[in-house]
Amino acid sequence: MSEPTTLKPERPIRRFDVFAEYRKQEEEAKGHPEDEAMGYGLWVAKVVASRRFGGGKLKEHADHKEHDGKEDGEAARRKMLVDGKWHALDGEPQTDALFEQEIVERMGHPFYQRVFAPAIEDARKAGKSYESIRDAIRKAWKPS
């Protein structure tokens, strides 16, 4: 459960943060390792943000296609990744360490671990879509 009044984020929580965490948790639920799920969540959030705001510099990665899940499709997908696990944007691998830096450290580790991630998990378990929670879930989370 979350601690809505005792812990505050260090910086404002963005839709981007909610989306990246939501997608990270979806990937973990599919059985992907946590480190890869973190990198994927960050990568897909950046791709979506670049599309929304007309960013052209991520175009080469915005057309990424998911494979059909067959063994040869998985092998082909892994060949497209840096070290077989990271999507890259502008030549920079979107790793778990980058997720930690750009998402977790930005809001603060205690807030992320005890409030943010559990709240996203609770919403997902309740069957709520990202679109239904992206604003409401972060409304009360004001920086200290």
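Name the residues in region 28-51 that are surrounded by fewer than 17 Cβ atoms within 10 Å (Cβ to Cβ) and of a type in the set (Asp, Glu), would you? Selection gives 34, 35. Counting the residues of region 24-48 that are without any contact (Cβ under 8 Å) to a residue 60 or more places away in the chain and touching a Gly at 6+ places or on another chain (Cβ under 7 Å) gives 1.
Checked against (1) under 18 Å from residue 10 (Cα atoms); (2) surrounded by 17 or more Cβ atoms within 10 Å (Cβ to Cβ), residue 105 passes all but condition (2).
Of the listed requirements (1) out of contact with any helix residue (DSSP H, G or I) (no Cβ under 6 Å at 6 or more places or on another chain); (2) free of Cβ contacts under 8 Å to residues at least 40 places away in the same chain, residue 142 misses just one: (2). Within region 108-144, the set of residues being of a type in the set (A, V, I, L, M, F, W, C), in a loop (DSSP other than H, G, I, E, B) and under 12 Å from residue 13 (Cα atoms) comprises 140, 141.
Taking each residue of region 102-122 that is aromatic (Phe, Trp, Tyr) and looking for partners that are modelled with pLDDT under 95 with beta-carbon atoms closer than 7 Å, six or more apart or interchain, yields 111/7. What tally of residues in region 91-102 results from selecting those that are part of a loop (DSSP other than H, G, I, E, B) and surrounded by 12 or more Cβ atoms within 10 Å (Cβ to Cβ)? Within region 91-102, residues that are part of a loop (DSSP other than H, G, I, E, B) and surrounded by 12 or more Cβ atoms within 10 Å (Cβ to Cβ) number 2.
The values are calculated or read from the model by the stated rules, or taken from the named source; none is laboratory data. As the structure is a prediction and not an experimental result, all values here were calculated from the model. For neighbour counting, all protein chains shown are included, and Cβ atoms are generated from backbone atoms with ideal geometry for every residue, glycine included.
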